[in-house]
Every structure is written in C-alpha cells, then in structure tokens.
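First up is the structure itself, then whatever we jot down about it.
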Amino acid sequence: MTLTSSNTLRNHWWWRPGWSVGRRFYTWHLTWEGQDEVHRLAAEYRDALAPFAFAGELTLIPDRWLHLTMQGIGFVDEVAERDVRAIADAARERLAAVPAFDVQAGSHVLAPEAILLPVQPAGSVAEVREAIRGAISDVLHDVREKPTDFRPHVSVAYSASDGPAAPVEEALAAREFTPAQARVTSAELIVIHRDNKMYEWETFASVPLG
C-alpha cells in the first residue's frame, strides 16, 4: 500500500479522542534539526502554498516543527515518567544496533488532511520504528497503533478547512520541486501538544542510532 492523493481536503484540526487544550502526549518522532535540504524543500512548498495559508485554507509548518511521526506511547497523565525513562533506556540498547542511514523526502502527496512528502527508503525508517515498539513493549507490554500500514512521511502543511484539493494540486503542479536528502542519526522521544493548531513539543530524550 502506498500513499495516494485525495480529491478533497478536510480540516485537520478537529479534536481527536483524548486530546484537548493543555493535554500532553509522549511520542517518538524523527525531527530535522540541521537538515538543510529538508528545510530548503519545505520552504519551497511554503512559498507555493502561501496564498492558501493567507486565505485560511492551509496551515504551513515551519522548519522547527517539521517531523516524521513514528510511534506514540500515551498521554502524560496516563503514563508514569519512570516508565517513559525506562522506555528511553530500552530504546538506547535497541537503536544502538540500527545503523544511521540516508533518506529522501518527496515528491508530494495530497492526503485528505495534509500535504505529505513520502520518505524513502521506508524499510530503514520502519526498522527504527520496530526497535522503538520493542522498547515500549519491554516496559509497558501494550503498544499503541498497528505495526503495519506505516507510511513514513514529512508533512509540510495541514488542511485548515474543508474543500476541493484541485486548486492546491494545480498550484503545486506549476512548480518544480527537487526531493530533499537527509541523514537519520537519532530518534527523539518528545512531549507534544496541539494547543495552537500546530504540533509543538519539548524533547524528553534524544536517542542515537548505532
């Protein structure tokens, strides 16, 4: 199964079950600090999509909050901090056996709620995720989300309204985008929220790959 484009867009910022203003969540991401190529490509998309952001139809993601969603753990008020620290320690052991690797991000796909840049090779990213899932299982024995249907990607914009995807696709088709190259050397365990219609976080632990 691959990522495929949608003909319509829907507002991403509805409150999913369990989420509310002020609530925080432990999760794992790959983030892109110091990855100039990823930032270059995201900036090109922000430029192309600026009219839709001005109209309130899209939320553009600044470099600081670009991420590749990996694996959730649980809400901060439901998971003991000692368990989260134990998960980070278990992940350090497991990820030490996973070598750092290079990835490519792009070309875009219009999902119903976001403009996505698929990341390849997917298998390398999935290996990191499986190590993280193993670390969570070591401590909690209950791992959120399915091990399958994981499609690694970086979102460059979220849909902020409902409507047809065609105008966005036409604007992007008028541009040329060169995929970005990046190197994955660590995974980040973060505390995330979406209070401001943006995924924002603080880093709990940064775990290096081998």
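How big is the convex hull of the Cα atoms of the range 73-210, per residue, in Å³?
That works out to 127 Å³ per residue.
Share of the chain's accessible area from carbon and sulfur, percent, 1.4 Å?
That share works out to 51 percent.
Highest first, please rank the peptides 171-179, 37-45 by the mean number of other Cβ atoms sitting within 10 Å of their residues.
37-45, 171-179
Quick check: Cα centre of the range 21-87 to Cα centre of the range 106-153, how many Å?
Using only Cα atoms to place each centre, the spacing works out to 14 Å.
Determine the equivalent ellipsoid of the range 1-119 by diagonalising the alpha-carbon gyration tensor, then write out the semi-axes as square roots of 5 times the eigenvalues, largest first, rounded to whole Å.
Equivalent ellipsoid semi-axes, largest first: 29, 21, 14 Å.
What net charge is computed for the residues neighbouring residue 22, neighbours being all others with C-beta under 12 Å from the C-beta of residue 22, Lys and Arg scored +1, Asp and Glu -1?
Around residue 22, the charge tally is +1.
I'd like to check one number: the per residue accessible area of the chain, probe 1.4 Å, reported in Å² as a whole number.
48 Å²
The values are calculated or read from the model by the stated rules, or taken from the named source; none is laboratory data. Worth saying up front: this structure is predicted, and the values here are computed from it rather than measured. Positions of Cβ are backbone-derived with ideal geometry, glycine not excepted, and every protein chain shown enters the neighbour counts. In case anyone asks, the SASA skips ligands and DNA or RNA and just uses the protein heavy atoms, side chains included. Shrake-Rupley method; radii C 1.70, N 1.55, O 1.52, S 1.80 Å.
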